[in-house]
Structure formats: structure tokens, C-alpha cells
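All of the numbers you see were taken from the coordinates with simple rules; none came from a lab. Bear in mind the structure is a predicted one, so any value in this text is a computation, not a measurement. Glycine gets a Cβ as well: all are built from the backbone with ideal geometry, and neighbour counts include every protein chain shown.
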Amino acid sequence: MTTQSSLVELRVLEGANLYFPRPAVKLTLDLGTLLKLDEADARAVATQLGLPSAAPGAAGTGLRQRFAGRVVGRLVRRVAHESGVTRLAVRSRPTAQVGLLVVAYPWRDRGRAEALGKAVAGILDLLPTGDISGALHEAGAAVRGVTTGGSPSTRRPRVPVVAVTGTNGKTTTSRMVARMGRCAGLVVGWSSTDGVYVDDELIEPGDYSGPSGASWVLDDPRVQLAVTETARGGILLKGLGVTHNDVSVVTNVSADHLGLQGVDTVDQLAEVKAVITRVTRPAGWVVLNGEDPRTFAMRLGVHANVCVFSRDSESPSLRTVLNEGGRAVTLIDGAITVIGPGGVEPDPLVAVVDVPMTLSGLSHVNVENALAAVGAGIGVGLPRKAVVDGLLSFRPDPEDNPGRMNVYDLHGVSVVVDLAHNEAGVQALVEVLQGLRAPGAAVRLVMGAPGDRTDDIIRAVGELAARGSDEVVISHKEHYLRGRDAGELAALLRAAAADVGVYDVPVLPTELAGLELLVRHAGAGDAIGVMCHAERTEIAEWLRSEGASVDTPESIRRKVLAASG
């Protein structure tokens, strides 16, 4: 009979992570056997590990789970000690699945670090046999005899680094910061979900929002300023790609990608996002959204200076940070304004309606992204003029900000192409569409969702899209099903629309097909939104072929003014 291993996963994290601000090994262990032992056997195991007073509690109880966590932590330290490591930090946390425990410890040598994890699991596999003292000695000797396997690949930056994360807005914010750096005359390396860019030239296409993107940027000898978009997945699966940053930005934290890699709640997601703030240099700046409580709370765990941003100049978060000696970026009399501590006079940089990405102030999300970018640009030491020039020159078009609030005019119909991949994104897109349509005109929307969202998130997307538009269709996203069936996704979205009184929503095979249908139904002054994940290039080409033009900041302003009456 084959015995199932206690080791569910051994993952080597190359950089700062959820558990440590340095490289660590993450073990996911099945503790089913330890949880089921009778109290006498469980106490015997603890005693052999040097925990004679530990109270196991009854099998299968919450007390037994806590006991198991202590036992495994001590087991890791004992095997490490037997291998010659006298001091080892160990952290553990339960998972949503009863019986599974995550244990993490730092590493410097890959071979021995991996061997330690396997040795720990091997001893757990021996349970419920009685004597494990001999196994501890043998395991330590085995780990000690393993050939070294290399050191962490984390890069130690030679240039200033701005790291940007958040559920929404991180791509736009990092692009704006990169533009500010270029306006300062610097060669900027930028890694993102769209690829790696150096001096505005695409070096490598693809999703490089993880540590490999940071490596690409920092390994290029031309780069004078690095801007790294840092996504949740990279932090969880590999750790950060840099040992530290000079400025970290957290745009917001909202429900997205829940139920993946052990992150089941928004609070847990906030823990992941906060990793970049904990490696910010003490002389650097952490830039936080003052209106997002989870983000604002991150200031309590950092050693760097704190800059908070908010559209509300009377926000309590601004007063708090300024009283603590930090900095604030906000709106005063319609201008993006920087406020320093200690009675420093506010510095109005530019009128918010003159910042193209804000769509004449219509897009509240992009107003906040601009505020965050200002905090980052000033924090990393860019000249004031470069920060202002970056704001004024960065446009919401397919060239500067592809796939994010790109506004076209198609014979009097406004078409907005945006990622809008979660609830917050849909709300932001609907806000823009309603602010662009002419009085009495309609809002029409092509909606969809990637498959790696929870049912609740997908239903929320469907409800928001249906409630916020006069006509809505569903488009399939074959390359973003991520384990789901296209029909299942469409059924969830249709049911959500029905919950808010919108029935029989059409389902189209592609995003482009959805757009074509809505264009046929549209009249002058209407606004059409496309939640575009897969077919950005195809949609842009089709719009051009139909005679559409990219709206300029001036034409967007005219539409906003006309829509407001």
C-alpha cells in the first residue's frame, strides 16, 4: 500500500514574499495524520521535539490545529539544527482547507533549503510511529550532505526603482511614472503586463509583471530609472524580483483573483500587496491610497516615508499622514496639489481637467492614478517640471496607454476600450460611458469576465454592467477561460443581469462581434464600452477600418461638457 506524502507543495520564493522580506521556501503540508492522532501519541511527538508542555487537544479540533502548527514549526527548526543551522526563522499559517498548513523559512542555498523541506515532510510521513528522534538525526545528516544548489536570483538594484501594485490602476500609474522619468531626460526601464520597455521601446512582449520583468529591466545597462508593475501572482509564486525599492505605490485593494494560491479574502490580498511596501528603503517613500482603508493601513508596517493621495483635500487620512510628518497629493481648487508637513505651502501643479488621462476630470479612477503617479515621481526625486510634463503629455490613447480607457469617435458614437476586469473596473468604465454620452443618448456595453474569478465576482460584474447600461451583450474570451467553460461564464453573467431586470442578454463569440452588434444599434451621441481582454489589436484595426478616430483631449472635453449640459 502506498502512503500519501505529507508534502503537497514545495515552492522556492526568490525574493521578498508574504512570509519574509527576503527569499524563502514555502511548504504546503498535509497534516491529516497529526490531526487524527490520539492525545497520548500527539503528546509523545511534541515531547520528542522539545515541547513537553504542549496541549494537543482532542483530535480534529481547533486546539489540535494550533498544536499541529507549533509542532511543525519546531520540527523544521530541529531538522535545521541537526543539519548545522543554529538559528532559523520559521512562520506558519493555516489555509482555507482544513488539514493543510503553510510553513515558510528563509534560504540562502537552494539545494539545502529544498532538502530541508523534503526532510520535514519525510518525518511527518513516519507518523504515527513512535520514535522520531533517530529520524531527526538522519534527516539532519542528509540535509548537511546535500550539494549546494545556487543562491537567490533576486536583483540588487543599481538604479532607483519605483514598484507599483494594486488591484486596479497599476498599469496606468506605472506608465505615467515612466513618462515622467522620460520627461526628466532619463532612460526608463519599465516592466508590466504588456511587456518590457526600455526608453519607450518594446524589448520583450508578454506579461512581465513578475520578478522576471524586474530582472529584464535591471539587467539592461542603459536603464537609469526602473518602474516595475508588480502583480499579485508574481509575489505569491516567486516573490519580488528586487531586494528593495526606492518608492512603492499601492493604488487600491479590492476583490479580484480570490480563491487562488491560498488567497481567499480581500484582507489576505491586501497582505500580498503590502509586500512591496515592506522592502522600501527607509529614505524612500511609500505612496498609498488614503481612501482605501486596507491600503492606508499599510503605512503602519513600513520604515520609509509615507505619502498619501486622495481626491478629497479634507480627508482624515491626509491630516493623519501630514501630522505624522508625511506628504499628501490631493485636489485643491481643481488642481493636483502637493502638500508637505509642518505648514509647508501647498504646491498646485496642474489643473486636473488639463491632465489628459483624467478625461477632463470625468474618470475618477484616473484622477487617483494621476495623484499616485505624482506621489511616486516626486518621491523618486524627479524634477517638478518633469512630473508636470509627464501628466500633460500622457494621453488615453492606444499609443500611450493601450487597452486602458482608450476613447474613439466612430461617426458621432463614442467607443471606449478598457480592460475592466473586475467590479471596480466595471464601475469605472460605466462612469466614463455615462459621462461621455450625449443627453438622451444610450450607453451600450460589451461585457465579459476571465474565468479565474469567483462566481460571486463574476455575478457582481454582470450586475454592474447590466444595471449601468441601456443595452448589454456578452462576449466569449476563449484565451481567458482559465479552466472554465465559456457557456458556464455566459450563464453566470446572464443570471446576474436577470437579477437586475435585464433578460435574454445576447452572447457573442468574440469581443469584436459584440462591438459590431452594438455599433449597428447605436445612434449619434451614444457611448459604447468594450470590456476588452483578448482582442485589443483586432478591435483597434476594425475601428480604424470603419473610419473611427482616436479622441483627442480637446474632443473628449467637448463631449464631457456636452454630456453635462
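Observations
- Computing log10 I(q)/I(0) by the Debye sum over Cα atoms at q = 0.05, 0.06 Å⁻¹ directly from the structure and comparing it against [x] -0.38, -0.51; [y] -0.25, -0.35; [z] -0.19, -0.28 singles out [y].
- Relative contact order %, the chain, counting alpha carbon pairs below 8 Å whose residues are six or more apart: 11 percent
- Within the straight-line cut-off of under 15 Å between alpha carbons, the aspartates and glutamates reachable from residue 559 are 354, 409, 431, 526, 551, sequence neighbours fewer than 8 places apart in one chain being disregarded.
- Degrees, to the nearest 10: 133-144 long Cα axis against longest axis of the chain: 60 degrees
- DSSP finds beta bridges in the chain, and of those with both partners inside it, around 50 percent are antiparallel.
- Size of charge dipole - segment 406-564 - debye, nearest 20, with Cβ of Lys, Arg +1 and Asp, Glu -1, no other charges: 300 debye
- Candidate lysines for bridging to residue 36, where Cα separation is under 25 Å - those fewer than 8 sequence places away on the same chain excluded: 26, 118
- Segment 124-167 versus segment 209-236: alpha-carbon centroid distance in Å: 24 Å
- Taking every DSSP beta bridge that has both ends in segment 406-564, the antiparallel portion is near 30%.
- For segment 7-144, a simple Cβ point-charge model (Lys and Arg +1, Asp and Glu -1, everything else neutral) yields a dipole of about 600 debye relative to the Cα centre.
- Taking the Kirkwood radius as Rh and the Cα radius of gyration as Rg, segment 7-144 has a ratio of Rg/Rh equal to 0.95.
- Residue (of 65, 266, 53) at the positive-pole extreme of the chain, dipole from beta-carbon charges: 53
- Under the Karplus curve 6.51 cos²θ - 1.76 cosθ + 1.60, θ = phi - 60°, whole-Hz ³J(HN,Hα) for segment 377-384, x wherever Gly or Pro sits: x, 5, x, 8, x, 6, x, 3
- Dimensions of segment 161-393 along the principal axes, based on C-alpha atoms and rounded to the nearest Å, stand at 42, 39, 34, largest first.
- Available extension along the chain between residue 203 and residue 61 is 45.7 nm, counting 0.36 nm per residue and deducting the alpha carbon span.
- Cα long-axis angle, helix 486-499 against the chain (0 to 90 degrees, to the nearest 10): 60 degrees
- Check: the chain dipole with +1 on Lys, Arg Cβ and -1 on Asp, Glu Cβ, in debye: 2340 debye
- Amide hydrogen neighbours beyond the local backbone of residue 245, cut-off 5 Å, H modeled: 280, 281
- Working ranking of peptides 393-399, 185-191 by packing, defined as the average number of other Cβ atoms within 10 Å per residue, highest first, is 185-191, 393-399.
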